[in-house]
Structure formats: C-alpha cells, structure tokens
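Here's the structure, in structure tokens; my notes come after.
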Amino acid sequence: MVDLRTAWRRLAMLAGTVLCLWAFASPVQAQSCNISVVAPAFGSVDVLGGAPATGYGSFAVTCSGAAKQVVQVCPSFGAGNGGAASDGSARYMTSGAGVLRYNIYQDAQMATIWGSVFGDMGATSPPSVLVTLDLSGTGSANLPINASVFGGQASSVAPSTYASTITANYRFAYYSGLGCQSVNTNASTSTFLMTATYVPNCNVATSDLNFGSFAIMTAPVDGIGRVSVTCSAGSSYTIALSGGVANSTDPTQRHLSRGADLFIRYGLYRDTSHVLPWGSDLNTLNGGTGVGSAQQFNVFGRIPVQVLPPAGTYQDTIIATVAY
C-alpha cells in the first residue's frame with residue numbers, strides 16, 4: 001500500500017525546489033543610460049608659434065538599473081567626417097581642401113587618445129566608464145574630454161574656420177570584468193561638432209645693422225641688417241621701417257645721433273643698389289605673402305659721403321612694423 005502522506009510530502013518538496021529555481025533564474029533588471037557631451041572648445045587658434053592649442057569639454061552619463069549593480073559604459077568617438085590618420089594618431093578638421101590636424105584625448109597630458117572599438121581610429125580604444133548604481137538603482141559619472149590642435153603645421157594650413165562632426169557611439173552593459181571590446185549591447189549614437197578658427201597672424205624679428213668704425217669718408221659706407229617675418233600661409237603683409245629717433249620723413253635722411261645736436265646722415269633701402277628707399281609710407285614699404293615659416297628681408301644701409309661730426313658712437317633705433 002502506497003503511503004499517501006509520504007507521496008504528498010515529496011510532491012511538496014519538489015514544488016518548493018521548482019519555485020526556488022524559478023526565483024533564482026529571474027532576470028536582473030535591465031539597465032539604461034543617458035549620455036551628454038560638451039564638445040571641447042578651441043575658439044581662435046594660432047599655430048605659428050609651434051605650440052599646440054588646447055580645448056576642453058566634458059562627457060556625462062546617468063544610468064539606472066538594479067540597485068548596487070555596476071554599469072560599464074564605453075563611449076567610442078569616431079574619426080569624424082574630416083577623417084583621421086590610419087593609425088588614429090591624428091584627426092582632421094577641414095575647410096574646403098584645407099586640413100587642420102588635431103586629436104581628442106582621455107587625459108590632460110594629451111597622451112592617451114580617445115578612440116573607438118569600431119576600427120575607424122586604428123588601434124585606439126575608448127575609455128571604460130564604470131557607473132555604480134545606488135540603492136535606488138541610479139548612478140552617474142563624468143569624464144573630462146581633452147583636445148589639442150597640433151603645433152608645427154603653419155606652413156600647410158591657411159587661415160580659416162575648420163570643423164569636423166564626430167559620431168559618438170555608446171555601448172553599455174552590467175560590468176563583467178572585461179574590456180570595452182566585450183560590451184556589444186545597448187548601442188546608441190549622437191554627434192558633436194569640433195571647430196577651430198585659425199586667424200591670420202604674423203611674427204617679426206630683427207637683427208642690427210652695424211656700419212662699423214671709420215675716421216674719414218672718401219666713399220659711402222654700407223651695412224646690412226635683417227628683418228625676419230613669419231606670417232600665416234597665404235596672408236599678404238607689408239613691412240614699414242620707422243623714421244628713427246629723429247622721426248625722419250625721408251628714409252634716405254635718417255640720423256645716427258650722439259646727444260641732441262650731433263648726428264650722421266644715413267639711409268635705409270630695399271635693394272643692393274641703394275635706389276629703393278625703405279620707409280613707412282605707401283611707396284616705400286616692403287612685404288610679401290606668408291608661407292607659415294620665416295621669410296628673410298635684407299635692410300641695406302648707406303652713409304653717404306659727408307663732413308663728419310666729432311668722433312664717438314652714433315646710433316639710431318628703428319621700429320619694424322608688419323601689417324597684415
């Protein structure tokens with residue numbers, strides 16, 4: 001005879017086991033994340049000096065899901081519609097056919113590139129952002145976005161406004177202990193715009209003109225100085241030389257002075273023949289078109305034959321002004 005009480009107890013135990021297994025197999029609450037990006041702002045940049053120009057933005061993420069869980073967020077930043085180097089070492093902002101090289105980084109030292117898991121930025125990778133959810137099932141994290149326009153590209157870049165639209169692809173999942181390559185769910189995308197305006201600029205440097213020493217004059221005394229101008233590629237510029245301490249209006253009648261009353265007449269010229277004066281009015285200017293690197297101009301000085309004042313050191317100060 002079957003013991004019905006024992007059979008019912010066994011059925012009850014089996015049902016409890018099934019219920020227990022069902023409870024453990026219930027799915028973890030699905031996670032969701034909202035992303036926002038403030039693009040790094042460069043504003044106006046100057047690449048003539050060789051130093052990089054930096055810009056800073058921010059990445060923010062807010063996630064929800066099961067309490068006390070950790071959500072891994074992987075924000076991939078693509079090459080942008082301006083393109084990038086095949087190894088991801090540089091992104092490009094463009095203006096027509098012009099290209100301005102820059103990149104986006106995870107760190108303030110501009111050492112770790114903010115890349116992508118999708119292969120359009122070479123072997124570079126995105127950062128892995130871990131968001132810990134609190135007891136209410138929500139959490140947030142923020143990361144700085146660092147960017148740099150490379151220096152040393154003035155000879156290949158013309159003044160203009162450059163831009164590139166970056167596609168950002170976000171993937172997120174509960175943290176498994178693996179890297180971003182393993183996160184392939186919950187993909188969403190957004191875009192942000194990178195811009196930089198390279199304004200025309202010029203730098204000028206000079207070297208002194210020394211006529212040397214002489215006691216008497218039987219022929220003109222000549223000397224050569226130099227003006228070095230570095231202007232943005234394609235930018236037209238002019239160079240004016242002032243009238244010196246005596247404020248001479250005639251570039252050929254400047255004064256090398258000693259005190260208030262003693263002087264030696266001299267002139268500054270644009271040519272070796274000492275025919276084309278170099279001054280500050282429209283007809284006596286020198287100039288050219290910038291190439292992004294230094295361009296040298298000789299300043300030809302001449303002291304004409306004249307009755308010399310008492311011996312001593314005579315000098316003048318000339319200001320070189322570049323207009324562009």
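The values are calculated or read from the model by the stated rules, or taken from the named source; none is laboratory data. All values reported here derive from a predicted model rather than from experimental measurement. Note: ideal-geometry Cβ built from the backbone for every residue, glycine included; neighbour counts use all protein chains shown.
When the stretch 51-64 is filtered for residues that are loosely packed, with under 15 Cβ neighbours inside 10 Å and not in a strand (DSSP E or B), only ALA51 remains.
Would you confirm whether any residue within the stretch 148-157 is at pLDDT 95 or above, in a strand (DSSP E or B) and within 14 Å of the chain's Cα centre (by Cα)?
Filtering the stretch 148-157 down to residues at pLDDT 95 or above leaves 148-150.
Restricting the remaining residues to those that are in a strand (DSSP E or B) gives 148-149.
Next, from what is left, pick out any that are within 14 Å of the chain's Cα centre (by Cα): 148-149.
Yes, the conditions are met somewhere in the stretch 148-157.
Considering ALA67, ALA30, the condition of being at pLDDT 95 or above, part of a loop (DSSP other than H, G, I, E, B) and farther than 24 Å from SER155 by Cα is satisfied by ALA67 alone. In this structure, SER190 does satisfy being within 28 Å of SER164 (Cβ to Cβ), outside any loop (DSSP other than H, G, I, E, B) and either among the hydroxyl-bearing types (Ser, Thr, Tyr) or at pLDDT 95 or above (or both).
The set of residues in the stretch 271-322 that are among the charged types (D, E, K, R) and either more than 16 Å from GLY223 (Cβ to Cβ) or not in a loop (DSSP other than H, G, I, E, B) (or both) comprises ASP281, ARG302. Can you find a residue in the stretch 133-145 that is crowded, with 20+ Cβ neighbours inside 10 Å, at pLDDT 95 or above, out of contact with any Lys or Arg (no Cβ under 7 Å at 6 or more places or on another chain) and assigned to a strand (DSSP E or B)? There is at least one residue in the stretch 133-145 that is crowded, with 20+ Cβ neighbours inside 10 Å, at pLDDT 95 or above, out of contact with any Lys or Arg (no Cβ under 7 Å at 6 or more places or on another chain) and assigned to a strand (DSSP E or B). What about VAL117, is it at pLDDT below 95 and among the β-branched types (Val, Ile, Thr)? Yes. Within the stretch 154-168, being surrounded by fewer than 18 Cβ atoms within 10 Å (Cβ to Cβ) and in contact with a strand residue (DSSP E or B) (Cβ under 8 Å, 6 or more places away or on another chain) holds for SER156, THR161, ALA163, THR165, THR167.
Consider the stretch 248-277 and keep the residues that are surrounded by fewer than 20 Cβ atoms within 10 Å (Cβ to Cβ) and of a type in the set (D, E, K, R). The one that is nearest to ARG226 (Cα to Cα) is ASP271. For the stretch 88-120, a residue qualifies if it is part of a loop (DSSP other than H, G, I, E, B) and either over 18 Å from SER148 (Cβ atoms) or in contact with a Ser or Thr (Cβ under 8 Å, 6 or more places away or on another chain) (or both), and the qualifying residues are GLY88, GLY96, ALA97, GLN106, MET110, TRP114, GLY115, SER116, VAL117, PHE118, GLY119, ASP120. Does GLY50 satisfy the condition of being modelled with pLDDT of 95 or more and of a type outside the set (Ser, Thr, Tyr)? Criteria not met by GLY50. Residues considered: ALA173, ALA215. Of these, the only one that is touching a residue at least 12 places away in the same chain (Cβ under 8 Å) and crowded, with 16+ Cβ neighbours inside 10 Å is ALA173.
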